[in-house]
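Step one of this worksheet: look at the structure below.
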Amino acid sequence: MNNKKSYNVVGLMSGSSLDGLDIAYCRFDIQENNFDFEIVQSITIPFPKNIMQALQQAVIDNNKVQEADLLFGDFCGAEIFKFLQNNNLILPDFIASHGHTIAHHPEKGFSLQIGNAINIRKHVSVPIINDFRNADIRAGGQGAPLVPMCDAKLFSDFEVCLNIGGIANISLDSNGKRFGFDICGANQILNSIAGKLNMPFDDGGKIAATGKLNQALLQALNADKFLHAPIPKSLDNAYVQKHFISILDNFNVSLQDQMATATEHIAQQISSAIQSAFSDCKQLKILVTGGGAYNTTLVNRIAILCNTRIQLPTDSIIQFKEALAIALMGVLRWKQLPNFFPSVTGARIAVCGGEIIQ
């Protein structure tokens, strides 16, 4: 085991909402089992058109995956190099890269993230740690969600850690045991509606606030079998596209009403997940991160349904917690420590996931 006490790590995250590449330069100081952290610098790089198209095409065309893997790895490496140079940052000990998820099928025994590590290293000559999920899947787990280990190590003051990204997922501590799972599609559903209004997203939930709830559409969204499946469970982006976003096209409902209804659907699913673990939510400390934390309409609705107050953390935590989590996963892998909870993923054992490319 590596006994080093301090690490500088670049965490990379590319989420399902396709809003860009998150880069976070993180510093960790470790004393026994206590982890102190600082997000020293961070940035989100919007995807250029060619990268966006490559990522989208790779999801639907297997013949495009290898080309996208190389292209995206080169893009990540170049952007990290510029990020380090522009901020006068010393080279990190290593880069922890989640990659961009093309397919996630634990039931078939694999999860595929692209972003070629060799191409990243062409730009920044430090070790790369990637492919975090598949070790857990080989041990019978879901390989997801990744963030609960970060929640336990860095945000243990909160009973509930909720991330509202392209997919909403939750991590919670109940009776001294950590649980976590994907709840439902989130920003990727809302962004798809906003796109039809020529907007990248529903800023602050303002579009949803102008729409009306459509009960028939809400019932259709809430009826999906994934929402009622037992944990552990994880959600594939393609599933969200096929089973949720496609439903919107089958209803003759205005885009504003679609947004209001989809927002309510997400709020109901999130509040149900929280209430399934806690009978009284009034005193809960809930950490909300991800782009959805800025959706005031959504967050207020969750607070109302749970009968609780939600206080948002700093912008750097909201925007870069997932990149921070990947950086921490890398530290644990480097130190040969478990970075998954079997209670979260359903794996037979606690694994140390991640491939190291020197």
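The distance linking region 18-91 with region 336-358 is 22 Å (Cα centroid to Cα centroid, whole angstrom). Show log10 I(q)/I(0) for region 64-194 at q = 0.11, 0.20, 0.21, 0.22 Å⁻¹, two decimals, from a solvent-free Debye sum over equal Cα scatterers. Evaluating at q = 0.11, 0.20, 0.21, 0.22 Å⁻¹ gives log10 I(q)/I(0) of -0.52, -1.24, -1.25, -1.26.
Based on DSSP H runs of at least 4 residues, each adding -39500 (n - 2.57), what is the mean residue ellipticity at 222 nm of the chain after dividing by all its residues, to the nearest 500 deg cm²/dmol? Provide the component values of the computation, followed by the final result.
Values: 14 runs with 138 residues, N = 358.
When only DSSP H runs of four or more count, the value is -11500 deg cm²/dmol.
Taking only Cα atoms of region 216-358, what ratio of Rg to Rh do you get with Rh as the Kirkwood inverse-distance radius?
Working: Rg = 18.0 Å, Rh = 17.8 Å.
Rg/Rh: 1.01.
Using Cα atoms only, what is the angle between the long axis of helix 255-275 and the major principal axis of the chain, expressed in degrees (0 to 90) to the nearest 10? That works out to roughly 70 degrees. Label-to-label distance for THR210 and SER272 is 3.0 nm, based on points extended 7 Å past Cα in the beta-carbon direction. Other residues with beta-carbon under 15 Å from the beta-carbon of ARG301 carry, at +1 per Lys or Arg and -1 per Asp or Glu, a net charge of +1.
Note on region 9-67: Rg/Rh from Cα positions, Kirkwood definition for Rh, rounded to two decimals, is 1.17.
The alpha carbons of region 78-126 give a radius of gyration and a Dmax of 14.0, 44 Å, in that order. Label-to-label distance for LYS335 and GLN219 is 5.3 nm, based on points extended 7 Å past Cα in the beta-carbon direction.
Our analysis of the chain gives Rg over Rh at 0.95, with the two radii drawn from alpha carbon positions and Rh computed by the Kirkwood formula.
Can you give me the convex hull volume of the Cα atoms of region 1-145, divided per residue and expressed in Å³? Please list the in-between numbers first.
Details: hull volume 18.4 nm³, N = 145.
Hull volume normalised by residue count: 127 Å³.
A dipole drawn for the chain from +1 and -1 charges on Cβ atoms has a positive end, and of VAL351, ILE30, ALA229 the residue lying farthest that way is VAL351.
Starting from a Cα-only point model with no solvent, please compute log10 I(q)/I(0) by Debye for region 149-308 at q = 0.16 1/Å. Taking Cα atoms of region 149-308 as identical point scatterers yields -0.87. Averaging Cα coordinates gives a centre for region 169-231 and one for region 245-310; these two points are 6 Å apart. Exceedance of the 32 Å cut-off in Cα-Cα distance is limited, within the set LYS108/LYS321; LYS5/LYS321; LYS49/LYS212, to LYS49/LYS212.
Expressed to the nearest 5 percent, the antiparallel share of DSSP beta bridges inside region 149-308 is 75 percent.
Rule-based calculations on the coordinates, nothing more; no lab input. For clarity, every value in this text was computed on a predicted model and none was experimentally measured. All Cβ positions, glycine included, derive from the backbone under ideal geometry; neighbour counts span all protein chains shown.
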